[in-house]
1. Sort out which residues of region 57-97 are out of contact with any strand residue (DSSP E or B) (no Cβ under 8 Å at 6 or more places or on another chain), free of Cβ contacts under 8 Å to residues at least 24 places away in the same chain and farther than 14 Å from Lys113 by Cβ, and write them in order of number.
2. Report whether or not Arg102 is surrounded by 16 or more Cβ atoms within 10 Å (Cβ to Cβ), on the phi < 0 side of the Ramachandran plot, in contact with a strand residue (DSSP E or B) (Cβ under 6 Å, 6 or more places away or on another chain) and in contact (Cβ under 8 Å) with a residue 24 or more places away in the chain.
3. Does Ala114 satisfy the condition of being in contact (Cβ under 8 Å) with a residue 40 or more places away in the chain, surrounded by 13 or more Cβ atoms within 10 Å (Cβ to Cβ) and in contact with a helix residue (DSSP H, G or I) (Cβ under 9 Å, 6 or more places away or on another chain)?
4. Only one of Val106, Val93 is out of contact with any Ser or Thr (no Cβ under 7 Å at 6 or more places or on another chain), at pLDDT 95 or above and of a type outside the set (Phe, Trp, Tyr); which?
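The values are calculated or read from the model by the stated rules, or taken from the named source; none is laboratory data. Remember, it's a predicted structure, so these values are computed and weren't measured experimentally. Every residue, glycine as well, gets a Cβ built from its backbone with ideal geometry; the counts of neighbours run over all protein chains shown.
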Amino acid sequence: MGRRIGSLIAAAALAAALSFNSGAVAQTPPAPAENAAPTADNAVLLTIFLKHDQSRPLSELNAQLEKQGFYKAFPPPGIEVVSWYVMMGIGQVVTLRLPASRLREVNRILEDKAWGSYRTEFYPTYDYKAVGIAEHDKAK
């Protein structure tokens with residue numbers, strides 16, 4: 001019986017401590033900084049596949065992109081475009097360098113402005129060129 005009372009007291013004390021420290025309010029992430037610049041400690045590379053809807057003609061897709069304001073909104077100001085290629089038979093492949101805090105912003109622009117003309121795929125990316133070339137040179 002003594003252990004049971006001790007356990008109940010310990011549980012009550014733990015619950016009280018948690019209630020005082022829990023900060024019972026919902027936390028929301030900070031809003032993305034509109035002018036946040038990518039730095040060495042916060043930058044991510046993001047490769048985006050914009051796959052054309054091949055069941056529709058290009059003129060129709062471009063008209064929809066214009067109507068939705070895709071090129072006005074993408075890429076957002078302050079986001080670096082590392083590369084932007086057309087991949088024949090697929091669509092477009094865009095690699096961006098951005099602060100991690102702006103990832104949601106980029107995603108929302110694509111959801112609002114690109115969907116319908118494109119199906120999207122996202123891939124976190126990193127620059128391997130120097131390493132790959134060094135390994136190639138070392139293997140010679």
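1. Listed by number, the residues that qualify are Pro57, Ser59, Glu60, Met88, Gly89.
2. Values: surrounded by 16 or more Cβ atoms within 10 Å (Cβ to Cβ): yes; on the phi < 0 side of the Ramachandran plot: yes; in contact with a strand residue (DSSP E or B) (Cβ under 6 Å, 6 or more places away or on another chain): no; in contact (Cβ under 8 Å) with a residue 24 or more places away in the chain: yes.
Spelling it out, it is not the case that Arg102 is surrounded by 16 or more Cβ atoms within 10 Å (Cβ to Cβ), on the phi < 0 side of the Ramachandran plot, in contact with a strand residue (DSSP E or B) (Cβ under 6 Å, 6 or more places away or on another chain) and in contact (Cβ under 8 Å) with a residue 24 or more places away in the chain.
3. Details: in contact (Cβ under 8 Å) with a residue 40 or more places away in the chain: yes; surrounded by 13 or more Cβ atoms within 10 Å (Cβ to Cβ): yes; in contact with a helix residue (DSSP H, G or I) (Cβ under 9 Å, 6 or more places away or on another chain): yes.
So Ala114 passes the test.
4. Sole residue among the options that is out of contact with any Ser or Thr (no Cβ under 7 Å at 6 or more places or on another chain), at pLDDT 95 or above and of a type outside the set (Phe, Trp, Tyr): Val106.
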